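To keep things clear, I will list the structure first and then write my remarks on it.
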Amino acid sequence: MIRRLWLRLSDNIDGPLFALVLALLTVGFITLASAAHDTPARISSQAINIVVALVVMWAVAQLQPQTLMRFAVPAYAIGLALLISVALFGDVVNGARRWLNLGVTRIQPSEIMKIAMPLMLAWYFHTHEAALRLREYFVASLLLLVPVALIARQPDLGTALLVAAGGFYVIFLAGLSWRVLLGVLVAGCASLPFLWSLMHEYQRRRILTLLDPTSDPLGAGYHIIQSVIAVGSGGLSGKGWLKGTQAHLEFIPERSTDFIFAVFSEEFGLIGNCVLLLLYLLLIARGLTIAANAPTFFTRLLAGAVTLIFFTYAFVNMGMVTGLLPVVGVPLPLVSFGGTALVTLLTGVGILMSIHRHRKLVQT
């Protein structure tokens, strides 16, 4: 009976992908146990988060791609409506209007868009696959820019970046011309002075601090300086689990969330970092393989975008922790503490598993 139950539960689970996810979750939990050693409640909370996220992943993996396609427009419409509601009625926490109070709980609607955006754009391009013209790419860009602008206005630059990346990957994979991309890049560079004027003061400080962290070593530059020291002090093999001085003497801020990579680097060193990078590369390679073998335009675009979102999470987090990118509040995927990001990412994994499992059932 137990074997039959296990076979039923694992029926739609992609073995290689699931093994990589479990490996990253294990690395994350071990690192969190060190980073949050003085707050056991956070460790137990993460254990619950992992269980909930895995259940969500399994549930999404059971869905057929046709069902995912039917969810695309409603999910986007609901997410957009909630973002507008946040702008009008949202709760202000630490100077940011990101949360919507529903009475019994508060939600962060911007998280919905991390999945709803690639779903919506993949559906849109699938329905116009027969005749993709510049107009379709323009409409897709508008569908992307509206929620991104609402999220950036909250302000929440990290989430806005992730939603924009997810949408851009779909547009790019749909066949956007390189000439158009080059034109957009040139226009973006030309508009930098205007974008600078629209930024909040703390966002400007983050960029200036990236260029010279020592200009404000006890203020805006503190995060980057301490995280770079931690990464460098790990050396080749690290100081050992629970032996990271930067973390345990509380020099590293947000050490269990955005800067957990600094804790990992200090304790496991360059060798540990190489193993972690290998796990991410293998996960991304598996996702891209699933995308390449997907039977429809919709599933190829969706699988490719979901996979590249993992790349964006990892690249941006490691970049900001090592001082190569501004601090924008992006967690390290499947490693950082947090339930919302974990559920979002494993929902993406569930989508990949659904696409792979049902690839022979979808009519081409």
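The values are calculated or read from the model by the stated rules, or taken from the named source; none is laboratory data. Being a predicted model, the structure only gives us computed values, none of them experimental. Positions of Cβ are generated from backbone atoms using ideal geometry, with glycine treated the same way; all protein chains shown enter the neighbour counts.
Kindly indicate which of 323, 350 is out of contact with any Ser or Thr (no Cβ under 7 Å at 6 or more places or on another chain), of a type in the set (Gly, Ala, Ser) and either part of a helix (DSSP H, G or I) or modelled with pLDDT under 85 (or both).
350
Could you identify the single residue in 285, 294 that is among the aliphatic types (A, V, I, L, M) and touching a residue at least 12 places away in the same chain (Cβ under 8 Å)?
Working: 285 fails: touching a residue at least 12 places away in the same chain (Cβ under 8 Å).
The unique qualifying residue is 294.
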Item to complete: For region 207-220, state whether one or more residues are touching a helix residue (DSSP H, G or I) at 6+ places or on another chain (Cβ under 9 Å), part of a helix (DSSP H, G or I), farther than 23 Å from residue 315 by Cα and hydroxyl-bearing (Ser, Thr, Tyr).
Response: yes
Response to the item:
residue 155: passes all of (1) within 19 Å of residue 308 (Cα to Cα); (2) touching a residue at least 40 places away in the same chain (Cβ under 8 Å) but (1)
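Residues are listed down the side, and each one gets a yes or a no for (1) more than 13 Å from residue 227 (Cα to Cα); (2) at pLDDT below 95; (3) out of contact with any Phe, Trp or Tyr (no Cβ under 7 Å at 6 or more places or on another chain):
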{"residue": "242", "(1), (2), (3)": "yes, yes, yes"}
{"residue": "245", "(1), (2), (3)": "no, yes, yes"}
{"residue": "250", "(1), (2), (3)": "no, yes, yes"}
{"residue": "254", "(1), (2), (3)": "no, yes, yes"}
{"residue": "271", "(1), (2), (3)": "yes, no, yes"}
{"residue": "274", "(1), (2), (3)": "yes, no, yes"}
Worksheet item: So which residues in region 86-116 are surrounded by 15 or more Cβ atoms within 10 Å (Cβ to Cβ), over 19 Å from residue 169 (Cβ atoms) and of a type outside the set (A, V, I, L, M), if there are any at all?
Response: 90, 97, 98, 99, 108, 109
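Is there a residue in region 313-327 that is over 30 Å from residue 212 (Cα atoms) and surrounded by 18 or more Cβ atoms within 10 Å (Cβ to Cβ)? Working first, answer last.
Initial filter on region 313-327 (over 30 Å from residue 212 (Cα atoms)): none.
Looking through region 313-327, none of the residues is over 30 Å from residue 212 (Cα atoms) and surrounded by 18 or more Cβ atoms within 10 Å (Cβ to Cβ).
Please enumerate the residues belonging to region 292-308 that are of a type in the set (A, V, I, L, M, F, W, C), under 13 Å from residue 357 (Cα atoms) and modelled with pLDDT under 95. I'd like the intermediate steps shown before the answer.
Our first condition is that a residue be of a type in the set (A, V, I, L, M, F, W, C); within region 292-308, this holds for 292, 294, 297-298, 301-303, 305-306, 308.
From the residues that got through so far, the ones that are under 13 Å from residue 357 (Cα atoms) too are 294, 303.
Residue satisfying the conditions is 294 alone.
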Response to the item:
Going through (1) surrounded by 14 or more Cβ atoms within 10 Å (Cβ to Cβ); (2) farther than 29 Å from residue 32 by Cα; (3) touching a residue at least 12 places away in the same chain (Cβ under 8 Å); (4) under 24 Å from the mean Cα position of the chain (by Cα) one by one, residue 280 fails only at (2)
Practice prompt. For region 229-249, enumerate the residues that are surrounded by 20 or more Cβ atoms within 10 Å (Cβ to Cβ) and within 11 Å of residue 37 (Cβ to Cβ).
Written response: 244, 247
Worksheet item: Is there any pair with a first residue in region 49-73 that is touching a residue at least 24 places away in the same chain (Cβ under 8 Å) and under 14 Å from residue 356 (Cα atoms) and a second that is of a type in the set (Phe, Trp, Tyr) and not in a loop (DSSP other than H, G, I, E, B) whose Cβ atoms are under 7 Å apart and which are 6 or more apart or on different chains, and what are they?
Response: 65/298
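It is to be established whether one or more residues within region 131-140 are of a type outside the set (Ser, Thr, Tyr) and either outside any helix (DSSP H, G or I) or over 18 Å from residue 180 (Cα atoms) (or both).
As a first pass, look at region 131-140 and keep what is of a type outside the set (Ser, Thr, Tyr): 131-136, 138-140.
From the residues that got through so far, the ones that are either outside any helix (DSSP H, G or I) or over 18 Å from residue 180 (Cα atoms) (or both) too are 132-133.
Yes, that holds for at least one residue.
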Discussion item. Against the condition at pLDDT 95 or above, assigned to a helix (DSSP H, G or I) and in contact with a Leu (Cβ under 7 Å, 6 or more places away or on another chain), how does residue 24 come out, does it pass?
Written reply: yes
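Check 138, 168, 172 and return the single one that is of a type outside the set (Lys, Arg) and more than 21 Å from residue 312 (Cβ to Cβ). Working first, answer last.
Details: 168 fails: more than 21 Å from residue 312 (Cβ to Cβ); 172 fails: more than 21 Å from residue 312 (Cβ to Cβ).
So the residue among 138, 168, 172 that is of a type outside the set (Lys, Arg) and more than 21 Å from residue 312 (Cβ to Cβ) is 138.
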Practice prompt. Output yes when any residue across region 276-293 is under 30 Å from residue 65 (Cα atoms) and either in a loop (DSSP other than H, G, I, E, B) or of a type in the set (D, E, K, R) (or both), and no when none is.
Written response: yes
Fill in: Hits in region 159-190 - residues which are crowded, with 16+ Cβ neighbours inside 10 Å and either more than 23 Å from the chain's Cα centre (by Cα) or outside any helix (DSSP H, G or I) (or both)
174, 176
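Just to be sure I understand, how many residues within region 253-267 are more than 21 Å from the chain's Cα centre (by Cα) and in contact (Cβ under 8 Å) with a residue 60 or more places away in the chain?
Residues of region 253-267 that are more than 21 Å from the chain's Cα centre (by Cα), as a first pass: 266-267.
Narrowing further to those that are in contact (Cβ under 8 Å) with a residue 60 or more places away in the chain: 267.
Residues flagged as more than 21 Å from the chain's Cα centre (by Cα) and in contact (Cβ under 8 Å) with a residue 60 or more places away in the chain within region 253-267 amount to 1.
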Worksheet item: Does region 237-264 hold any residues that are under 14 Å from residue 30 (Cβ atoms) and not in a loop (DSSP other than H, G, I, E, B), and which are they?
Response: 247, 260, 261, 263, 264
